2 protein chains.
Amino acid sequence: MPELRKDPVVGRWVIIAKERAKRPHDFIVPEEKTKGGFCPLCPGHEYTTPPEVLAYGRPPEAPPNSPGWTVRVVPNKFPALRIEGELWKEGEGLYDKMNGIGAHEVIIETPNHHETLSTMPVDRIVQVFWAYRDRMVDLSRDPRFRYVIIFKNHGRAAGASLEHAHSQLIALPVIPLRITQELQGSKMYYDYKERCIFCDIVRQELKDGSRVVCENHEFVAICAFAPRQPFEMWIIPKKHHSDFRSIDESQFQALAEIFSEVLKRLDAAIPRCPYNFVLHTAPLREPYLEHYHWHFELLPKLTQIAGFEWGTGFYITPTSPEDAAHFLREIKLSEGGQ
Amino acid sequence: MPELRKDPVVGRWVIIAKERAKRPHDFIVPEEKTKGGFCPLCPGHEYTTPPEVLAYGRPPEAPPNSPGWTVRVVPNKFPALRIEGELWKEGEGLYDKMNGIGAHEVIIETPNHHETLSTMPVDRIVQVFWAYRDRMVDLSRDPRFRYVIIFKNHGRAAGASLEHAHSQLIALPVIPLRITQELQGSKMYYDYKERCIFCDIVRQELKDGSRVVCENHEFVAICAFAPRQPFEMWIIPKKHHSDFRSIDESQFQALAEIFSEVLKRLDAAIPRCPYNFVLHTAPLREPYLEHYHWHFELLPKLTQIAGFEWGTGFYITPTSPEDAAHFLREIKLSEGGQ
């Protein structure tokens with residue numbers, strides 16, 4: 001069983017995934033995964049994954065775990081956390097730990113091995129976001145979970161171990177420190193200003209324009225004012241809501257459109273750019289929050305996290321967000337891209 | 001001039017190092033630095049670095065910036081921050097920024113290009129730590145600086161851009177968020193227990209033993225209870241003090257000895273392991289603190305920071321610290337190593 005442990009000084013949780021146990025020699029040569037070869041996420045190979053928990057696109061009479069799907073969600077074969085069991089918490093002297101209860105799922109974004117979010121049609125990206133929402137709603141019913149984090153690792157340098165386009169979801173029994181800090185920071189701002197800080201960011205960025213990459217009627221994509229990586233972008237809904245699960249039909253469409261455009265621009269600016277994106281949303285048990293505002297953060301993986309970053313929580317970026325936004329806006333997209 | 005910017009939600013500072021400005025195509029192919037070739041840190045090439053700010057080992061009559069040194073400290077040729085100028089802070093709508101005033105120095109640990117901290121004699125490691133202290137004391141005199149962070153990036157995967165063994169120092173006009181969190185966390189513990197949390201960690205770890213890698217009369221090296229990377233180690237002085245600058249002669253010797261042993265063990269367990277280490281110490285202007293305790297944190301760079309880590313501040317580690325400490329203890333070191 002994996003274990004969750006808390007750093008006693010700063011309160012950061014970590015997962016010790018003992019089942020993936022590594023001995024020193026396992027780390028010696030970081031092997032490049034060969035491209036091509038057998039892909040467990042491709043249609044026809046459904047038997048190689050754990051049984052699916054969701055699939056779209058198949059005719060109703062087709063059996064589960066058969067081809068014909070457009071989006072498919074399966075439990076991770078090598079989960080960081082385990083779904084079975086009661087949650088226990090205990091101390092070990094001054095230290096705190098709990099067992100690694102949680103869900104770890106893989107959202108297979110397309111049946112086509114060579115397609116990515118930047119090349120697939122917008123109506124299929126809509127389905128990926130629907131899958132995020134549906135899984136989040138389903139997992140909310142489990143009283144053991146307090147947060148569901150949805151993220152994507154694209155490219156080996158960004159931590160992807162499989163080439164086939166996929167995102168991941170982890171349901172956690174605790175609220176992550178990073179989210180707690182975001183909630184606290186936006187609450188402090190709200191207490192002082194009686195306005196949502198993200199709503200203010202949207203207003204200021206649209207007025208200023210220098211960090212705006214693109215926008216549509218529901219969303220704006222900006223290069224973050226204080227980025228951790230060059231070309232870091234935030235995709236923020238113009239309409240205030242703290243919870244991604246509140247998203248409606250027309251927002252799904254607009255979200256897929258802006259994601260498609262942002263990723264096409266990034267791909268054109270930096271071919272094969274490795275990146276991570278993460279959905280930031282309120283904890284599962286929170287009611288509607290005036291001070292918090294769901295959004296996506298997209299981080300290209302272009303610089304190293306080294307001693308300075310580990311030690312300080314500071315980041316050094318060689319590209320200003322104004323320059324990055326300028327480069328991304330200047331990209332000429334072919335038909336359907338804008 | 002570089003710029004410091006603050007994330008308005010979580011309060012994290014970043015440095016926009018515009019002079020290192022990168023356009024999108026600069027990121028396309030992460031080039032491997034060729035080994036060998038011209039090294040600007042080697043003796044005889046002193047003219048290629050900015051003029052030194054400190055050097056040990058040369059006879060008193062020898063001119064500065066000439067060979068014959070054992071440790072040499074020079075300003076970074078491509079600094080993330082600039083030493084000249086007044087500090088200004090200003091707003092940009094709801095955002096906060098300041099100019100990038102600071103010092104960025106390189107501590108060249110050895111004149112020998114092929115030597116590392118794990119292979120060099122202990123008495124020369126002592127000199128490296130003396131250089132850390134002397135530079136920190138000197139920079140403390142500049143009223144613009146509030147924190148000096150000292151760190152090392154070893155190996156390309158850990159962010160080192162030069163092969164020749166060196167550490168770095170950055171003097172900052174603000175206290176980094178990571179240090180503030182550590183100060184707050186240890187203060188909370190102190191307020192509740194009236195004891196230093198690091199002193200309690202030292203006592204508990206020595207009694208338990210399962211995470212202890214090695215110890216001497218002044219220091220203990222443990223695998224961290226909640227590690228961010230496999231084999232993460234903390235090197236903690238047994239005697240309480242909040243400020244590294246308080247270190248005395250016999251502690252210097254013991255610190256060099258335990259570092260040498262820890263790095264030899266890591267090198268033997270995971271050959272050519274890339275790693276970062278960071279000195280954690282109280283801010284420059286703080287008096288002696290009962291609740292804080294200086295120490296080093298050493299992080300091998302063995303797993304990727306990906307979407308989950310960016311989004312949550314959680315880390316997933318496949319090796320438990322008890323297993324890691326066991327592997328490291330089992331290593332048989334040759335003469336002089338223990």
Task: List of the range A:306-328 residues, accessible area with partners at least 50 Å² below that of the chain alone (1.4 Å probe) - done: A:G307, A:F308, A:W310, A:G311, A:T312, A:F314, A:Y315, A:I316, A:P318, A:F327
Open item on the list: Ignoring ligands, DNA and RNA, please state the percent of accessible area on the protein assembly as shown from carbon and sulfur, probe 1.4 Å.
Closed with: 53
TODO: Note the per residue figure in Å³ for the convex hull of the C-alpha positions in chain B.
DONE: 166
Task: Accessible area buried between chains A and B, both sides summed, probe 1.4 Å, in Å² to nearest 100 - done: 8000
Task: Exceeding the 24 Å Cα-Cα cut-off - candidates A:K207/B:K6; B:K97/B:K187; A:K152/B:K6; A:K89/A:K187; A:K89/A:K301 - done: B:K97/B:K187; A:K152/B:K6; A:K89/A:K187; A:K89/A:K301
- [ ] Would you kindly give the portion of the calculated P(r) for the protein assembly as shown that falls above 40 Å, as a percent of all Cα pairs?
- [x] 31
Open item on the list: Give the residue list of GluC sites (Glu not before Pro) in the range A:145-218 that are DSSP loop and have at most 14 other beta-carbon atoms within 10 angstrom.
Closed with: A:E194
- [ ] List the distances, in nm to one decimal, from the label point of B:S161 to the label points of the same position in every other copy, shortest first, placing each label point 7 Å from Cα along the Cα-to-Cβ direction.
- [x] 3.2
TODO: Go through the range B:137-143 residue by residue and turn each phi into a ³J(HN,Hα) via Karplus (6.51, -1.76, 1.60, θ = phi - 60°); whole Hz please, and just put x for glycine and proline.
DONE: 4, 5, 5, 4, 6, 7, x
TODO: With a 1.4 Å probe and every protein chain left in place, work out the accessible area per residue of the protein assembly as shown in Å², rounded to a whole number.
DONE: 39
TODO: Compute the label-point distances linking A:A62 to its equivalents in the other copies; points lie 7 Å from Cα along Cα→Cβ; give nm, one decimal, shortest first.
DONE: 7.5
Open item on the list: Quick check on the range A:178-330: take the gyration tensor over C-alpha atoms, sort the square-rooted eigenvalues as a ≥ b ≥ c, and tell me if it's rounded (a/c under 1.5), prolate or oblate.
Closed with: oblate
Task: Cysteines without a disulfide-compatible partner [chain B; Cβ-Cβ under 4.7 Å] - done: B:C214, B:C223, B:C273
- [ ] Select from the range B:178-194 all residues whose loss of accessible area on going from the chain by itself to the full protein assembly reaches 40 Å² or more (probe 1.4 Å).
- [x] B:R178, B:Q181
Open item on the list: How many angstrom lie between the Cα centre of the range B:91-123 and the Cα centre of the range A:38-102?
Closed with: 43
Open item on the list: Can you work out which chain B residue has the shortest Cβ-to-axis distance for the rotation that carries B onto A, and give it in Å?
Closed with: B:I305, 3
Open item on the list: Run the label-point distances for A:R133 please: 7 Å along Cα to Cβ, every other copy, nanometres, shortest first.
Closed with: 6.2
- [ ] Enumerate the calculated ³J(HN,Hα) couplings along the range B:125-134 in order (Karplus 6.51 cos²θ - 1.76 cosθ + 1.60, θ = phi - 60°), each rounded to whole Hz, writing x wherever the residue is Gly or Pro.
- [x] 5, 3, 5, 4, 5, 4, 4, 4, 5, 4
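The values are calculated or read from the model by the stated rules, or taken from the named source; none is laboratory data. These numbers were taken from a predicted model, which means no experiment stands behind them. Note that each Cβ is placed from the backbone with ideal geometry, even for glycine, and that neighbours are counted across all protein chains shown. With ligands, DNA and RNA removed, areas are computed over all heavy atoms of the protein, side chains included. Shrake-Rupley method; radii C 1.70, N 1.55, O 1.52, S 1.80 Å.
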